[in-house]
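The values are calculated or read from the model by the stated rules, or taken from the named source; none is laboratory data. Note that the structure is a prediction, hence the values are computed from the model and not measured. Backbone-built Cβ (ideal geometry, glycine too); neighbour counts: all protein chains shown.
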Amino acid sequence: MPTIRTQLNSLTGLRFFAAMAVVLYHLRIYVPQLSDGLAVFGYGFTGVTFFFILSGFVLAWSYRSDVRSGRFYWNRFARIWPLHMLTMIASIWIPLLSATSSATFSAVPFVVTLTQAWIPGSPFLTSFNGVSWSLSCEAFFYLLFPLLFRKLGSHRSVAWIAGGVLVALALVGLSLSSFASFSVADYLLGTMPLYRLGEFVLGMCLATVMNRGWRPRFRLVHAIGLSAISLVGLTTVSLIFMGTSGGLPVIYANLAMIPGFLAVISASASRDLSGSSGRLASSALVRLGQWSFALYLVHELVLRVVRPLIGEQPVGDALMAAVIVIFASIALSGLLHEFVEKPAEKWLRSLRGSKMKPSATPREVHHPGK
């Protein structure tokens with residue numbers, strides 16, 4: 001009989017905060033009048049790292065060994081593809097939402113199949129709805145997940161694997177950046193599925209050791225503190241050595257945030273398992289967390305519509321516009337989740353006779369792009 005896993009609602013609540021970090025990161029880019037006030041969100045792109053780790057954790061935690069690979073792949077397709085296609089079509093046919101000047105219809109086969117990030121130096125990486133590059137990474141992770149799950153499940157020293165993966169990520173990142181420019185290293189590694197797979201595997205390792213009984217000895221407040229210290233440290237170092245015009249390389253920032261993210265996920269999951277979830281598992285935050293995938297996919301499109309209207313407006317007017325963008329994006333994400341994402345997923349899963357309900361487990365996030 002398959003093991004019944006406890007629902008980890010706190011992780012669903014955390015998704016909203018990670019998605020909002022990405023929203024504020026893009027807001028800082030699209031509304032330069034607010035860039036100084038939103039300086040701490042200059043590293044909001046690390047929300048992608050959080051989502052990759054969380055995705056690996058949730059899949060490994062909830063995966064049933066009696067589910068065939070074919071059904072697993074179909075369920076993943078049902079989860080992300082309908083909303084991805086809707087936002088892609090919107091970005092093509094609504095002139096204000098055109099993604100980039102380099103986007104051409106030759107990118108369509110790659111973006112539709114979510115393989116645009118699989119090509120080194122891909123010219124299609126941010127075509128149409130640019131944030132979908134991270135979904136392309138997720139598709140790569142999904143392809144390998146059943147094999148990785150079996151390998152981890154049969155290995156006794158999962159913690160050593162996690163340590164090795166973390167060291168490998170650091171060595172590859174440092175090595176490439178020492179031979180090439182930071183921008184080249186960021187471009188090649190920051191969106192390369194094979195490199196970002198390490199973050200996904202770290203989440204899988206964490207879920208595996210927790211499934212085997214390990215629990216963190218630190219509290220959630222300590223884990224959040226570690227993440228906050230890492231973020232403030234990144235911002236401070238960046239301001240001291242690079243000023244307000246630049247930031248530390250993407251790969252360095254991601255590496256710096258990984259320990260804190262692992263700590264937050266493990267501490268939150270541990271609280272859920274102990275029955276003392278707290279506010280992160282409140283119905284309001286869980287609902288917002290469920291909307292986070294849609295929020296991630298639509299927020300930059302909303303920004304593209306609003307940006308010409310903001311122009312060179314004073315800071316006060318730009319701030320008001322930013323608040324409207326945030327609330328409009330959240331409201332739109334709720335509508336898309338309820339009336340597109342959920343019904344489409346349910347219908348597609350029913351075609352394969354899936355026994356898993358769409359909301360049976362806390363679903364992984366398909367994150368924020370840069």
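What the table shows:
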{"item": "Hey, ARG76 modelled with pLDDT of 90 or more, touching a helix residue (DSSP H, G or I) at 6+ places or on another chain (Cβ under 7 Å), closer than 27 Å to SER350 by Cβ and charged (D, E, K, R) or not", "result": "yes"}
{"item": "Any chance PRO120 is outside any helix (DSSP H, G or I) and either in contact with a strand residue (DSSP E or B) (Cβ under 9 Å, 6 or more places away or on another chain) or surrounded by fewer than 16 Cβ atoms within 10 Å (Cβ to Cβ) (or both)", "result": "yes"}
{"item": "Evaluation of PRO146 against (1) surrounded by fewer than 19 Cβ atoms within 10 Å (Cβ to Cβ); (2) out of contact with any helix residue (DSSP H, G or I) (no Cβ under 6 Å at 6 or more places or on another chain) (one fails), failing number", "result": "(2)"}
{"item": "Test result for ILE89, assigned to a helix (DSSP H, G or I), closer than 30 Å to ALA253 by Cβ, out of contact with any Cys (no Cβ under 8 Å at 6 or more places or on another chain) and modelled with pLDDT of 90 or more", "result": "no"}
{"item": "Helices (runs of 4 or more DSSP H) (entirely within segment 154-250) containing at least 1 residues that are among the acidic types (Asp, Glu)", "result": "182-190, 193-211"}
{"item": "Members of segment 50-71 that are over 20 Å from the mean Cα position of the chain (by Cα) and either buried (at least 22 other Cβ atoms within 10 Å of the Cβ) or of a type in the set (A, V, I, L, M, F, W, C) (or both)", "result": "VAL67"}
{"item": "Test result for ARG15, within 15 Å of the chain's Cα centre (by Cα) and among the charged types (D, E, K, R)", "result": "yes"}
{"item": "Pairs with Cβ under 8 Å, 6+ apart, first in segment 184-205 and more than 27 Å from ALA269 (Cβ to Cβ), second at pLDDT 95 or above and of a type in the set (Val, Ile, Thr)", "result": "none"}
{"item": "GLY47 vs. criteria surrounded by fewer than 17 Cβ atoms within 10 Å (Cβ to Cβ) and either touching a Cys at 6+ places or on another chain (Cβ under 7 Å) or in a helix (DSSP H, G or I) (or both)", "result": "no"}
{"item": "Test result for ARG287, at pLDDT 90 or above, surrounded by fewer than 19 Cβ atoms within 10 Å (Cβ to Cβ), among the charged types (D, E, K, R) and within 30 Å of LEU206 (Cα to Cα)", "result": "yes"}
{"item": "Checking LEU188 against (1) under 26 Å from ILE80 (Cα atoms); (2) modelled with pLDDT under 90; (3) out of contact with any Gly (no Cβ under 9 Å at 6 or more places or on another chain), the condition it does not meet", "result": "(3)"}
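Matching residues to (1) within 15 Å of VAL40 (Cα to Cα); (2) modelled with pLDDT under 95; (3) surrounded by 13 or more Cβ atoms within 10 Å (Cβ to Cβ):
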{"site": "GLY164", "(1), (2), (3)": "no, no, yes"}
{"site": "LEU174", "(1), (2), (3)": "no, yes, yes"}
{"site": "ALA180", "(1), (2), (3)": "no, yes, yes"}
{"site": "GLY198", "(1), (2), (3)": "no, no, yes"}
{"site": "THR208", "(1), (2), (3)": "no, no, yes"}
{"site": "LEU226", "(1), (2), (3)": "no, no, yes"}
{"site": "THR235", "(1), (2), (3)": "yes, yes, yes"}
{"site": "TYR252", "(1), (2), (3)": "no, yes, yes"}
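For every residue, the table says whether it meets (1) touching a Leu at 6+ places or on another chain (Cβ under 9 Å); (2) not small (Gly, Ala, Ser).
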| residue | (1), (2) |
| --- | --- |
| SER238 | yes, no |
| PHE261 | yes, yes |
| SER268 | yes, no |
| SER276 | no, no |
